[in-house]
Each structure stands twice: as C-alpha cells, then as structure tokens.
Amino acid sequence: MSNGAGIQELMAAETRASQIVAEARIARGDRMKQAKADAQELINSYRSEKQEEFNNTVLAAGGSGGSASAKLQAETNETISVMRGQFQRNQQKAIDVLLSKCCEVSLEVPTARVRSTQKLYG
C-alpha cells in the first residue's frame, strides 16, 4: 500500500506544482499589464509637459500663430487669384489649339508605308 500512497503523493505534488506555475504565469501577466499602464502614464505626462513647453516657447517667440496663418492664407489667396487670371487669359488659346489639332487631318501617306506596300504588291 505504501507504493500506492507514494504515487498518490507524487500526483498531488505534480498538481500543486502545475497550480503554482499557472498562478505565477497569471501574476507575471498582471505585472506586465501594470508596468505597461505605468509606462503609458509616464509617457503621457512627459508628452503633455513637452507640449506645454513648446506652446510657451511659440508664444514667447512670435506671439500667437494666428498672424502667420493669416499671412499664409493671404499669400495663398493671391496665388489662386493670379492662377485664375492666367486661366481666363489662356482658356480660349488652349481651346483653339485643341480644336485645330482635332480638325487638322493630314492626307499624306508616309514614304515608309508607300515602300512597304510596293514591296507587298509590287
């Protein structure tokens, strides 16, 4: 009977070991999740701190960014109006060129085509 009891003890010990390993894996996963959350929180706080520094630097250097934005918008509008003017001036010229190319048909047969036809039927 001691043989049967020894085997039972070994099986119980193996079961306990499996449970301990499973609990350790779960605990490790929990620690990893917590470490990831802590790191993300640290990253977010660092990012907000640097963003605040940047905003303060921008405000100190050039005031609000609105003036630069307004200047860029004015330049863009001016460029657009120049392009529209060029389009209006050249619109009819472009239409005339396209129509002339579409309606102009050359009736001359290329010399290479004439020679190849003469060789075939010649």
- Please determine, by comparing only the residues of the range 82-119 that are open to solvent by less than 100 Å² (accessible area, probe 1.4 Å) and β-branched (Val, Ile, Thr), which one is modelled with the highest pLDDT. Val82
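So that you can scan it fast, the table gives a plain yes or no per residue for (1) open to solvent by 90 Å² or more (accessible area, probe 1.4 Å); (2) at pLDDT 95 or above; (3) hydrophobic (A, V, I, L, M, F, W, C); (4) part of a helix (DSSP H, G or I):
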position	(1), (2), (3), (4)
Ala5	no, no, yes, yes
Gln8	yes, no, no, yes
Ala13	no, no, yes, yes
Ala17	no, no, yes, yes
Gly29	no, no, no, yes
Gln51	yes, no, no, yes
Phe54	yes, no, yes, yes
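The values are calculated or read from the model by the stated rules, or taken from the named source; none is laboratory data. Please read these numbers as outputs of a predicted model, since none were measured by experiment. For the accessible areas, the whole protein counts, side chains as well, though only heavy atoms, and no ligand, DNA or RNA atoms are used. Shrake-Rupley method; radii C 1.70, N 1.55, O 1.52, S 1.80 Å.
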